[in-house]
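Everything below concerns the one structure shown next.
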Amino acid sequence: MTVRVLSRRAIIGATAAVAAAGPARAWAGTLPQPTEVPILSVSGQITFTNDGAVARFDRPMLEALGSARIRTATPWQERPMEFEGVPLAALLRAVGATGRNIQALAPHDYSSELPISDVARYDPVLSLKLDGRYMEPGDKGPCFIIYPFDRFPELRRNAYYSRAVWMVSRIDVT
Ligand SMILES: Nc1nc2c(c(=O)[nH]1)N[C@H]1C(S)=C(S)[C@@H](COP(=O)(O)O)O[C@H]1N2
Ligand SMILES: [Mo]
């Protein structure tokens, strides 16, 4: 059985329960319209949208969902860095995601599949800032999914490094 068969009431109930405990409470259950240029779209098995079947987010909307930091070394940077942004869990709650996997898509046809079970286990972050500065598109930004590689040794392998999608522009919930 997949969560997809949950009734709409059950999905909204679950969303409200989780949102009550976190910063997403301000607009759990509805999505405002972006007022700035959207930087991320979420599609697929989601409950809350603001543009047809898609949920589009500008930076202030993402930041309103909450904030988390991951300080970690990565194989592609010379020193540990601090990533800061929205917990992926908060983003998935905000759209009422009901799937099992997310496909994170980036330019140049890069995409990577992340099981949603990673979210509870590792609390990955859709980071917007690196060492306190917003990441620019030419700097692997504006959105970069990061895992806490330093906290969990089992993450230090290619299967997880490839899920650290930089320049992610779309998340499709499947
Ligand atoms: N957008 C995007 N994200 C990506 C990749 C990519 O090619 N494009 N490569 C992945 C892989 S396989 C790794 S190991 C890390 C680091 O890739 P890099 O060494 O090319 O920076 O980013 C991951 N995220
Ligand atoms: Mo890689």
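In nanometres, what is the gap between the two model label sites at ARG157 and ARG69, each 7 Å from Cα along Cα-to-Cβ?
Distance between label points: 3.1 nm.
Which distance in nm do the two modelled labels at SER169 and ASP58 give, with both placed 7 Å along the Cα-to-Cβ direction?
Taking the two extended label points, one gets 1.9 nm.
Assign one of three labels to region 16-162, namely rounded, prolate or oblate, based on the Cα gyration tensor with a ≥ b ≥ c the square roots of its eigenvalues; rounded applies when a/c is under 1.5, prolate when it is not and a/b is larger than b/c, and oblate otherwise.
It comes out prolate by the Cα gyration axes.
No lab work stands behind these numbers, since they all come straight from the coordinates. Since the structure is predicted, the reported quantities are computational estimates derived from the model, not experimental observations. When we count neighbours, we look across all protein chains shown, and the Cβ atoms used for this are built from the backbone with ideal geometry, even at glycine.
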